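Enquirer: The following block contains the structure, expressed as structure tokens.
The values are calculated or read from the model by the stated rules, or taken from the named source; none is laboratory data. A quick note: this is a predicted structure, and the numbers were derived from the prediction, not measured. Positions of Cβ are backbone-derived with ideal geometry, glycine not excepted, and every protein chain shown enters the neighbour counts. Accessible surface areas use protein heavy atoms only, side chains included; no ligands, DNA or RNA. Shrake-Rupley method; radii C 1.70, N 1.55, O 1.52, S 1.80 Å.
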Amino acid sequence: DAGVHSKAWYAATCDRKTAEDALYQSNKDGSFLIRKSSGQDSRQPYTLVVFYNRRVYNIPIRFIESTRQYALGREKSGEERFDSVAEIVDNHQRTNLVLIDSQNNTKDSTKLQHIVRVS
């Protein structure tokens, strides 16, 4: 497993709407959790859900079969790859995560700061 099941930020059985509602309730920039992706696709097993500037971003976490690593968002050259989902979280608690709003074509960034638990 990707090292997620024992983590406070992992909401195993949480669907997209529940995750988004929980983050809107937290209303804190940098609030986040990780949930299983809605589609049962082994190449995109998880989704990182982040709250920033009164918006919720759902960022796919891809599993790269060839290297057995994980990466965020769509595949791009020179992307950061991680050995586990936990490494992605650890990394972005220290360094900014770029948030791309495809509708408004804007970029923001925030660190993962507040773990949101879904009851």
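Enquirer: Size of the dipole of the chain about the Cα centre, Lys and Arg at +1 and Asp and Glu at -1 on the beta carbon, nothing else charged, in debye to 20? Could the numbers behind the result be given before it?
Expert: Details: 18 positive and 15 negative charges, 41 e Å.
Once rounded to the nearest 20, the dipole reads 200 debye.
Enquirer: Contact order normalised by length for the chain, with contacts defined as Cα pairs under 8 Å and 6 or more residues apart; what percent is it?
Expert: Numbers: 219 pairs, mean separation 31.0, N = 119.
Worked out over the chain, it gives 26 percent.
Enquirer: What 222 nm value per residue comes from the helices of the chain, counting each DSSP H run with n ≥ 4 as -39,500 (n - 2.57) and dividing by all residues, nearest 500 deg cm²/dmol? List each step's numbers first, then the result.
Expert: Working: 2 runs with 21 residues, N = 119.
Computed mean residue ellipticity for the chain: -5500 deg cm²/dmol.
Enquirer: With contacts defined as alpha carbon pairs under 8 Å and 6 or more residues apart, what's the relative contact order of the stretch 13-83 in percent? Intermediate results must be reported in sequence, preceding the final value.
Expert: Numbers: 123 pairs, mean separation 15.7, N = 71.
Here the relative contact order equals 22 percent.
Enquirer: Using a 1.4 angstrom probe on heavy atoms only, work out the carbon and sulfur share of the accessible area of the chain in %.
Expert: Values: 2950 of 7110 Å².
Answer for the chain is 41 percent, counting heavy atoms of protein chains only.
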